[in-house]
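The values are calculated or read from the model by the stated rules, or taken from the named source; none is laboratory data. Just so you know, these numbers come straight off a predicted model, no measurement behind them. Virtual Cβ from ideal backbone geometry, glycine too; neighbours counted across all protein chains shown. The accessibility values were calculated without ligands, DNA or RNA, using every heavy atom of the protein model including side chains. Shrake-Rupley method; radii C 1.70, N 1.55, O 1.52, S 1.80 Å.
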Amino acid sequence: MRAVVCKAWGPPEGLVVEDVPEPVPGAGDVLIRVRACGVNFADALIVQGKYQEKPSLPFTPGLEVAGEVVSMGKDVGGLGTGQRVVALCATGGYAEAATAPALVTVRIPDAMPCETAAGFMVAYGTAHIGLEHRAQLRPGETLLVHGAGGGVGLAAVEVGKAMGAMVIAAAGSEDKRALARRHGADHVIDYRDGKFKDVVKALTDGRGADVVFDPVGGQVFAQSMRCIAWEGRLLVIGFAAGDIPQVPAGLVLVKNIAMIGVYWGAYRMHEPAIITESLRRLFAWYEEGTLRPVISETLPLERAAEAMQRLLRREARGKVVLTTED
Ligand SMILES: NC(=O)c1ccc[n+]([C@@H]2O[C@H](COP(=O)([O-])OP(=O)(O)OC[C@H]3O[C@@H](n4cnc5c(N)ncnc54)[C@H](OP(=O)(O)O)[C@@H]3O)[C@@H](O)[C@H]2O)c1
């Protein structure tokens with residue numbers, strides 16, 4: 001089968017596409033004929049050796065796939081061959097076939113194309129588990145979403161609206177702000193000049209945002225601490241800007257703020273049922289038209305490096321997906 005292979009840590013341009021043996025599902029695993037694979041910021045960091053998880057070389061990147069079940073290892077129940085599924089792989093998704101634990105392999109709605117499904121699970125799962133399970137966002141609260149034109153940010157705008165929040169979407173370009181507005185944001189702001197705290201305060205009658213969803217970090221995080229409400233919850237999602245911020249503990253104390261970490265993929269090891277429950281809710285919202293995922297680009301496996309660069313260069317809108325069809 002064809003697969004993208006990372007043989008040495010470095011920029012995405014070092015990736016190659018090769019014929020490799022098809023993986024064999026172990027006990028509890030499912031073998032999936034991959035139709036599409038989501039491109040995640042984490043993939044671009046993993047191949048550079050800059051992510052918290054470092055697979056041994058050589059390896060095939062790719063965390064989330066959509067396709068059909070081909071076969072199953074021992075001790076797999078509730079799934080059958082030919083079923084259309086999404087799955088969370090440890091690695092190996094940028095390939096024509098991949099294995100994933102059955103516990104995090106979930107059937108997709110009939111109406112959901114594989115390209116959409118492949119870009120759905122990580123982005124919407126992180127947004128939903130972050131906002132509901134971790135921050136306990138309540139209807140009527142104000143949610144500030146950073147990086148709102150990107151994969152996880154745009155998903156958080158939609159999930160926040162579905163949960164009844166007033167959503168302020170922050171993004172660095174006019175077209176990303178327009179995209180966030182089309183997907184439900186009540187207000188859009190430009191956070192590139194680093195002075196957005198006054199705008200957020202003005203939009204919330206001086207109170208600040210109850211929940212901040214931050215996949216960007218750096219200065220954006222620092223400013224967020226200045227416009228978060230008393231008893232606000234700041235969700236630490238990621239550091240797309242590159243800097244891991246330092247927390248000003250004094251502000252955390254005087255404003256009674258909760259800093260809440262969200263590592264969606266870790267639920268795979270600790271509590272996979274939280275992922276599958278969340279997906280059930282998200283698929284229901286998708287089927288009723290509440291969620292409208294944006295797959296802005298679909299590229300073949302051979303263009304995996306280009307796809308990753310789209311994210312690293314801030315060019316991606318919504319999700320970018322790789323497909324295995326010629
Ligand atoms: N914790 C979790 O479980 C989890 C799950 C998924 C993703 N994440 C993390 O969330 C972050 C975003 O992921 P994503 O998939 O949404 O990526 P994405 O689609 O590329 O979006 C990232 C956004 O960050 C903003 N950004 C600001 N500075 C940037 C820079 N120097 N380089 C690139 N982008 C920059 C960009 O928006 P503007 O151009 O508007 O500034 C961009 O739209 C990543 O750090 C990722 O690892 C975490």
task: Between A178 and T81, with labels modelled 7 Å along Cα→Cβ, what's the label distance in nm to one decimal, could you check?
output: 4.9
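Considering only protein heavy atoms, with the full assembly of protein chains and a 1.4 angstrom probe, order S224, S71 by accessible area, largest first.
S71, S224
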message: To make sure I understand the rule: partners must be aspartates and glutamates, Cα under 13 Å from the Cα of K161, and not fewer than 8 residues away in the same chain. Which ones qualify?
response: E132, E141, D186
Span from the the stretch 202-265 Cα centroid across to the the stretch 67-144 one, whole angstrom: 28
query: How about the stretch 245-314: which GluC sites (Glu not before Pro) there lie in a loop by DSSP and see at most 11 other Cβ atoms within 10 Å?
result: E288
query: What does the charge add up to near Q219, with Lys and Arg as +1, Asp and Glu as -1, over the other residues with Cβ less than 12 Å from its Cβ?
result: +1
query: Under 20 Å from a point 7 Å along the Cα-to-Cβ line of V24: which residues of the stretch 96-111 have their amide N that close?
result: 96-102
message: Multiplying the sequence separation of R313 and K255 by 0.36 nm and subtracting their Cα-Cα distance, what value in nm do you get?
response: 17.4 nm
message: For the chain, what are Rg and Dmax over the alpha carbons, in angstrom?
response: 19.4, 60
message: What aspartates and glutamates does K54 reach when the alpha-carbon gap must be under 16 Å and sequence neighbours fewer than 8 apart in one chain are set aside?
response: D43
statement: Once the in-chain neighbours fewer than 8 apart are removed, the lysines whose Cα is under 20 Å from K197 read K176, K255
field: Average projection area in nm² (convex hull over Cα atoms of the stretch 123-265, one quarter of hull surface)
entry: 7.3
field: Heavy-atom accessible area ranking, 1.4 Å probe, most first, across D193, D75, D214
entry: D75, D193, D214
- request: Work out from phi, with θ = phi - 60° and the Karplus expression 6.51 cos²θ - 1.76 cosθ + 1.60, the ³J(HN,Hα) of each residue of the stretch 149-162, listed in order in whole Hz, and give x for Gly and Pro.
  value: x, x, x, 6, x, 5, 5, 5, 4, 5, 5, x, 5, 4
